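Participant: Pasting a structure here, questions to come.
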Amino acid sequence: MLCSNCRTDEAATAEGLCQACSVAAVDITPPGPWAGGVLRSPVGISYAVVALLCLVIATDLFSVVAAVGLGNLTAAPYSDTDLEQATSLLDTAGVTQGIAQLATLFVFLAWFQRARNNAGVFAPDLQRRGAGWATGGWFVPFGNLYIPRAITADIWAASRRDPYGTGKQEPHTVVNVWWAAWLATNLINPVAGRQIDSADTPDAFGAGADAFVLAGILDIAAALLAIVVVRRLTRMQYVKAATRAEQVSKEAAV
């Protein structure tokens with residue numbers, strides 16, 4: 001029978017959970033290389049992050065539909081009232097996107113900080129920046145273009161079954177693809193906004209609408225990839241903690 005939580009591994013407890021999912025928080029004390037460190041489960045908060053990322057995707061779809069509507073409108077003769085309604089709908093979509101993204105940011109950062117703290121327990125020597133950078137790095141001008149990706153890669157390395165191996169079995173390719181999509185959408189979004197704000201001809205409105213469609217698609221891709229990163233990293237840390245907990249328990253029983 002599969003685990004009732006992850007639906008991946010075989011259930012190993014009376015509650016129908018696999019060994020990894022039965023671990024909520026692991027206090028790692030001697031003996032062991034993680035002596036003195038405390039892991040906190042990232043699982044619960046990861047569910048909230050994924051749910052909010054799905055909300056972001058929904059608002060992105062709203063924006064794409066609104067932008068397509070504006071583009072279709074400007075492809076033929078239109079009235080000022082029709083244009084006002086179409087741009088107003090696009091503005092509303094932008095507001096909902098902003099609210100969803102802001103809410104997601106706060107919860108994502110909480111998850112990200114927890115994952116970084118766990119990585120500092122798993123393999124502190126592989127963390128090239130202090131734990132505070134996991135949150136602060138997102139707000140450093142220009143530095144936020146590369147610092148969070150580097151921290152994510154360090155977390156990934158520490159969370160692997162063999163942190164000091166080659167990493168071929170658990171490559172962080174998805175981290176690089178996610179980050180590329182995130183950078184692209186943050187580049188296109190302001191361009192699309194400026195195009196719409198300065199548009200005064202049908203062609204200009206159409207170009208702005210096309211830019212918004214592209215931005216929405218890129219943001220959907222970035223959100224989907226973020227979900228993969230969150231789920232993969234959470235799972236890696238969960239399994240690693242559960243495996244170590246079992247080892248410590250066996251050592252204590254000997």
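Participant: Which residue is nearest to Leu39 (Cα to Cα), if the candidates are limited to segment 124-141 and must be modelled with pLDDT of 95 or more and in a helix (DSSP H, G or I)?
Facilitator: Out of the qualifying residues, it is Ala134.
Participant: Here's another thing I want to ask about it. Could you tell me whether segment 75-95 includes any residue that is under 21 Å from the mean Cα position of the chain (by Cα), surrounded by fewer than 17 Cβ atoms within 10 Å (Cβ to Cβ) and closer than 30 Å to Phe205 by Cα?
Facilitator: Within segment 75-95 (the criterion being under 21 Å from the mean Cα position of the chain (by Cα), surrounded by fewer than 17 Cβ atoms within 10 Å (Cβ to Cβ) and closer than 30 Å to Phe205 by Cα), the answer is yes, since at least one residue qualifies.
A quick yes/no check of all residues on (1) surrounded by 19 or more Cβ atoms within 10 Å (Cβ to Cβ); (2) over 15 Å from the mean Cα position of the chain (by Cα); (3) modelled with pLDDT of 95 or more; (4) in a helix (DSSP H, G or I):
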site	(1), (2), (3), (4)
Ala204	no, yes, no, yes
Phe212	yes, yes, no, yes
Leu233	yes, no, yes, yes
Gln237	yes, yes, no, yes
Glu246	no, yes, no, yes
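Participant: Restricting to segment 170-179, name every residue that is surrounded by fewer than 19 Cβ atoms within 10 Å (Cβ to Cβ), part of a helix (DSSP H, G or I) and touching a Lys or Arg at 6+ places or on another chain (Cβ under 9 Å).
Facilitator: Val174, Asn176
Participant: Looking at segment 101-124, I want the residues that are under 26 Å from Thr185 (Cα atoms) and have a partner that is small (Gly, Ala, Ser) and assigned to a helix (DSSP H, G or I) with Cβ atoms under 7 Å, at least 6 apart or on another chain. Which pairs are those?
Facilitator: Partner pairs satisfying both residue conditions: Val107/Ala48; Trp111/Ser46; Phe112/Ala134; Gln113/Ala134; Arg116/Ala134.
Participant: Now for a different question. Please verify whether Trp156 is of a type in the set (Phe, Trp, Tyr) and touching a His at 6+ places or on another chain (Cβ under 6 Å), treating the condition exactly as stated. Spell out how you get there, then give the answer.
Facilitator: Numbers: of a type in the set (Phe, Trp, Tyr): yes; touching a His at 6+ places or on another chain (Cβ under 6 Å): yes.
Criteria met by Trp156.
Participant: Inside segment 145-169, can you point out the residues that are modelled with pLDDT under 95 and surrounded by fewer than 17 Cβ atoms within 10 Å (Cβ to Cβ)?
Facilitator: Residues satisfying the conditions are Arg161, Asp162, Tyr164, Gly165, Thr166, Gly167, Lys168, Gln169.
Participant: Of the residues Arg128, Arg116, Arg149, which is under 22 Å from the mean Cα position of the chain (by Cα), closer than 21 Å to Asp219 by Cα and among the basic types (Lys, Arg)?
Facilitator: Working: Arg128 fails: closer than 21 Å to Asp219 by Cα; Arg116 fails: closer than 21 Å to Asp219 by Cα.
Of the residues listed, the single one that is under 22 Å from the mean Cα position of the chain (by Cα), closer than 21 Å to Asp219 by Cα and among the basic types (Lys, Arg) is Arg149.
Participant: Then there is this: How many residues, within segment 180-202, are among the acidic types (Asp, Glu) and part of a helix (DSSP H, G or I)? Spell out the reasoning first.
Facilitator: Going through segment 180-202, the residues among the acidic types (Asp, Glu) turn out to be 197, 200.
Of the ones still in play, those that are also part of a helix (DSSP H, G or I) are 197.
The qualifying residues number 1.
Participant: Can you name the number of the only condition in (1) of a type in the set (Gly, Ala, Ser); (2) at positive phi; (3) assigned to a helix (DSSP H, G or I) that Ala241 fails?
Facilitator: Looking at each condition in turn, Ala241 falls short on (2).
The values are calculated or read from the model by the stated rules, or taken from the named source; none is laboratory data. None of these values were measured; they are calculated from a predicted model. So basically every Cβ, Gly included, is an ideal-geometry build from the backbone, and we count neighbours across all protein chains shown.
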